[in-house]
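The values are calculated or read from the model by the stated rules, or taken from the named source; none is laboratory data. Bear in mind that the values here come from a model prediction, so they are computed numbers and not experimental data. Reconstructed Cβ throughout: ideal geometry from the backbone, glycine too, with neighbour counts over all protein chains shown.
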Amino acid sequence: MKNIISYVAIFIIACFVTYLMTPIVLTENANGKKAVIYRYQPLVIKLPSNPTTGYSWSISSEPASQTLKLISSKYIAPKSNLVGAPGQEVWLFRALGPGKTMFKLSYSRPFEKNEKPAKEFMLAITVK
């Protein structure tokens with residue numbers, strides 16, 4: 001009987017850890033919305049991007065460092081061979097500790113210092 005209880009406990013823990021490792025994936029449709037994630041859970045933001053136009057995404061307002069940490073960001077080229085076809089920028093964050101935070105990404109040309117961004121992406125996060 002003790003072995004069965006041990007196996008059930010291990011199974012429950014394994015399911016919980018698997019759930020925490022499953023990333024929350026959001027796109028531009030989440031702009032201006034709120035998301036709830038759990039401590040250590042990955043958060044992936046995928047946004048359309050076309051660096052051939054000079055535009056790229058950058059963080060214009062960082063999340064609280066004790067709550068959410070940026071792990072990486074990268075550009076993924078389109079599968080199309082068409083010149084100028086848009087790809088995606090993918091941002092990976094990890095929830096660190098409980099709390100509320102927000103961040104903002106801006107789509108702009110880095111060489112145009114005084115221009116407003118063409119687009120912005122804002123997200124409010126609650127980490128439990």
Legend entry - Residue among Lys74, Lys79, Lys116 that is surrounded by fewer than 13 Cβ atoms within 10 Å (Cβ to Cβ), farther than 30 Å from Tyr40 by Cβ and at pLDDT 95 or above: Lys116
Inset, instruction - Working only within region 82-107, note down all residues that are modelled with pLDDT of 95 or more, over 19 Å from Glu28 (Cβ atoms) and of a type in the set (A, V, I, L, M, F, W, C). - result: Ala95, Leu96
Inset, instruction - With respect to Pro48, determine if the residue is surrounded by 14 or more Cβ atoms within 10 Å (Cβ to Cβ) and in a loop (DSSP other than H, G, I, E, B). - result: no
Legend entry - Residue check for Ser56: closer than 20 Å to Leu26 by Cα, among the hydroxyl-bearing types (Ser, Thr, Tyr) and at pLDDT 95 or above: yes
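Determine which member of the set Ser60, Ser73, Ser80 is assigned to a strand (DSSP E or B) and free of Cβ contacts under 8 Å to residues at least 24 places away in the same chain.
When all the criteria are applied, what remains is Ser73.
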Inset, instruction - Would you mind telling me which numbered condition in (1) surrounded by 11 or more Cβ atoms within 10 Å (Cβ to Cβ); (2) at pLDDT 95 or above Lys33 fails? - result: (1)
